[in-house]
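A quick write-up on the structure given underneath.
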Amino acid sequence: MNVDRASNSKGSGIKIVLITPEGFVIEQSFTLGFLASNNEAEYEAVLARPRAAITLRITGLEVRCDSLLIVNQVIREYITRDSRMAEYLQLILKLKFKVPRCDFKFVLRSENNHTDSFPT
């Protein structure tokens, strides 16, 4: 599942892409109810994926994200110093354990272009 985020004068939004092992693609975009910083929007997009997996009863999930900071915080390579980001991290960790197999992987932005192919 890929993730991307976008901000503009109308507010912040996120896009997620679910790709099944069979190759089916599910694209979803969301408008956030607040103007988010880049890290907040990135965390919101990361949160959307385990939430979608839980709703769809997906038992295996690979979350691909082009934010090295967030991926390393989730896999506990980096610590979270900002209290707001620590709250996001705790939410992700709680949701992560509700999906039997949930892995997080850093991908280069150039490899995360599927989410840029549809409008927010």
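Nothing in this text is a laboratory measurement; each read-out follows from the coordinates by a stated rule. Quick caveat: nothing in here was measured; it's all calculated off a predicted structure. Cβ coordinates were reconstructed from backbone atoms using ideal geometry, including for glycine residues, and neighbour counts include every protein chain displayed.
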Based on the mean of other Cβ atoms within 10 Å per residue, sort peptides 79-90, 21-32 so the most packed one is first. 79-90, 21-32
Please give the length that would be gained between Arg109 and Ile19 if that part of the chain were fully extended, namely 0.36 nm times their separation in residues minus their C-alpha to C-alpha distance (nm, one decimal). 30.6 nm
Provide the gained length on full extension for the span Lys98 to Phe30, in nm with one decimal, where the gain is 0.36 nm per separating residue minus the Cα-Cα distance. 22.3 nm
Residue-wise, which Karplus ³J(HN,Hα) couplings in Hz belong to region 45-50, taking 6.51 cos²θ - 1.76 cosθ + 1.60, θ = phi - 60°, and x for glycine or proline? 5, 5, 4, 4, 6, x
Surface/4 estimate of mean projected area, convex hull on alpha-carbon atoms of region 2-112, nm²: 7.0 nm²
Long-range HN-HN contacts of Tyr78 with modeled amide H, under 5 Å: Gln73
In sequence order, calculated HN-Hα J values of region 13-26 (Karplus, 6.51, -1.76, 1.60; Hz; x Gly/Pro): x, 9, 10, 10, 10, 9, 10, 6, x, 7, x, 5, 10, 10
Which residues' amide hydrogens lie under 5 Å from the amide hydrogen of Ser67, considering only partners 5 or more residues apart or on another chain, with H built in the peptide plane? Val107
Net charge near Val63: determine it from the other residues with C-beta under 12 Å of the C-beta of Val63, scoring Lys and Arg +1 and Asp and Glu -1. +2
